[in-house]
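The values are calculated or read from the model by the stated rules, or taken from the named source; none is laboratory data. None of these values were measured; they are calculated from a predicted model. When we count neighbours, we look across all protein chains shown, and the Cβ atoms used for this are built from the backbone with ideal geometry, even at glycine. Side chains included, ligands, DNA and RNA excluded: accessible areas come from the protein's heavy atoms. Shrake-Rupley method; radii C 1.70, N 1.55, O 1.52, S 1.80 Å.
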Number of protein chains: 2
Amino acid sequence: MPEPGTTLDPAIAARLKRTPDGLVAAVVQEAGTGDVLMLGWMDDEALRRTLSTGRATYWSRSRQEYWVKGETSGHHQHVTSVALDCDGDALLVTVVQTGAACHNGTHTCFTDELPVEAK
Amino acid sequence: MPEPGTTLDPAIAARLKRTPDGLVAAVVQEAGTGDVLMLGWMDDEALRRTLSTGRATYWSRSRQEYWVKGETSGHHQHVTSVALDCDGDALLVTVVQTGAACHNGTHTCFTDELPVEAK
């Protein structure tokens with residue numbers, strides 16, 4: 001048996017529907033404004049750390065390592081709530097964001113508008 | 001050469017960073033309220049259809065087929081904007097939602113609150 005607190009609650013883990021590389025999508029929304037700031041990826045351990053510390057923690061697909069948001073930039077995310085969606089493949093993480101959410105220095109990561117031809 | 005309009009703009013396709021099964025995450029936010037309604041998945045073709053028709057179209061991982069949101073339920077999503085994030089693995093799709101976004105009949109799919117131990 002793993003020690004208490006060292007693995008994700010099995011009841012939560014059982015509800016996750018992961019990508020082929022073991023991840024769920026974490027949508028990050030700013031408390032208050034409702035702005036969608038970014039999308040991160042979490043495996044079971046990143047979700048466990050997020051829930052137990054209240055600091056948003058992700059799995060970096062590019063660097064293949066865990067990262068606590070703000071660890072190097074100081075732009076922390078203080079987690080106010082986490083909700084799982086109906087089919088278990090996405091999380092909605094509500095945060096109080098310090099500074100810019102995007103590593104490019106912008107408020108959100110979604111700055112690249114694509115053309116919608118028919119509206 | 002593919003005919004115009006039958007494949008996703010190569011300039012957009014080149015910016016996508018896909019999951020191992022070829023998908024990007026599509027965060028769906030309601031215009032006006034800012035509520036995050038659901039998360040869908042798009043491959044290049046689903047994104048092409050979404051941009052060209054203005055109707056949110058996803059790839060169903062469970063059914064392995066395209067689906068136009070609302071096709072069977074009538075709960076369509078009229079797309080008002082689409083933005084790609086800085087690293088190309090997520091889209092923010094802003095929609096006018098008809099009826100409930102969730103197939104369970106709730107306004108959003110994110111109804112399952114998880115406990116955040118430290119806030």
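Quick check, is B:GLU71 open to solvent by 60 Å² or more (accessible area, probe 1.4 Å) and either in contact with an Asp or Glu (Cβ under 8 Å, 6 or more places away or on another chain) or facing chain A (nearest Cβ under 10 Å) (or both)?
Considered against the rule, which asks whether it is open to solvent by 60 Å² or more (accessible area, probe 1.4 Å) and either in contact with an Asp or Glu (Cβ under 8 Å, 6 or more places away or on another chain) or facing chain A (nearest Cβ under 10 Å) (or both), B:GLU71 comes out as no.
Scan A:ALA100, A:ALA118, A:ALA90, A:ALA83 and give me the residue that is more than 7 Å from chain B (Cβ to nearest Cβ) and farther than 14 Å from A:GLY34 by Cα.
The unique qualifying residue is A:ALA100.
Can you tell me which condition A:VAL96 does not meet? The list is (1) open to solvent by 20 Å² or more (accessible area, probe 1.4 Å); (2) of a type in the set (A, V, I, L, M); (3) under 16 Å from A:ALA46 (Cβ atoms), and all the others hold.
For A:VAL96, the exception is condition (3).
Can B:THR57 be described as more than 7 Å from every other protein chain (Cβ to nearest Cβ), free of Cβ contacts under 8 Å to residues at least 40 places away in the same chain and open to solvent by 10 Å² or more (accessible area, probe 1.4 Å)?
So B:THR57 fails the test.
Filter segment B:11-59 for residues that are modelled with pLDDT of 95 or more and among the polar types (S, T, N, Q) and give the result.
B:GLN29, B:THR33, B:THR50, B:SER52, B:THR53, B:THR57 - these are the residues of segment B:11-59 that are modelled with pLDDT of 95 or more and among the polar types (S, T, N, Q).
With the condition being among the polar types (S, T, N, Q), I'd like the strands (runs of 3 or more DSSP E) fully within segment A:21-98 carrying at least 1 qualifying residues.
A:24-30, A:57-60, A:77-84, A:90-97
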